[in-house]
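Here's the structure, in structure tokens; my notes come after.
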Amino acid sequence: MATALELSPEGFLFMVDRAFDGMVRILNALGDDLVNERPDLEGANSPFGIVTHCVGLTRWWSDEVAGGGKVPRDREAEFPATGKVADLVAEVPAARRAVADAVAAGDWAGKNRGAVPPAFADTPIGATRGGVLLHVYEELAQHLGQLEITRDILLARSA
């Protein structure tokens, strides 16, 4: 019998994993033929670009902002990125690990060990490591929804 989901490190990581699992399922379902396509909407992103962004933001916020490490990131290059499904899926474990390491470090109420972007410095997101980790999940959930809608549009268009 399943236990209740609670706000705990394990519960948080369960939710992060669910988001990444959904993204990987969608990438695999679309395959290399559709993963780089964009819906015919102004400013729309491809599934590859959306997930590339999710991997980048997760590693950067978890490792660099919360953890104080150094993670090279070119945010502007994430959304226009293209490539093969297998190559992108192979990057997801590093993003999962970044979150898991930040969670394992504990001290959710403590200050971030890295520099918080100015836009977030005076917000609950930038105030604590827990705020950063919740922001990571917020972004993953948001972009999973975007990815689901993008998939639906692309599949309808290709039918």
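The values are calculated or read from the model by the stated rules, or taken from the named source; none is laboratory data. In this text, all values refer to a predicted model and were calculated from it rather than measured experimentally. Heads up: the accessible areas ignore ligands, DNA and RNA and are worked out on the full protein's heavy atoms, side chains in. Shrake-Rupley method; radii C 1.70, N 1.55, O 1.52, S 1.80 Å.
Fully extending the segment from LEU134 to ALA90, taken as 0.36 nm per residue of separation minus the present Cα-Cα distance, adds 13.4 nm. Counting only protein heavy atoms and a 1.4 Å probe, segment 64-159 has 54 square angstrom of accessible area per residue. Across the alpha-carbon atoms of segment 87-143, the computed radius of gyration and Dmax are 12.3, 37 angstrom. Surface composition of segment 46-141: carbon plus sulfur atoms hold 57% of the accessible area, using a 1.4 angstrom probe and ignoring ligands, DNA and RNA.
Using a cutoff of 8 angstrom between alpha carbon atoms and counting only pairs six or more residues apart, the relative contact order for the chain works out to 30 percent.
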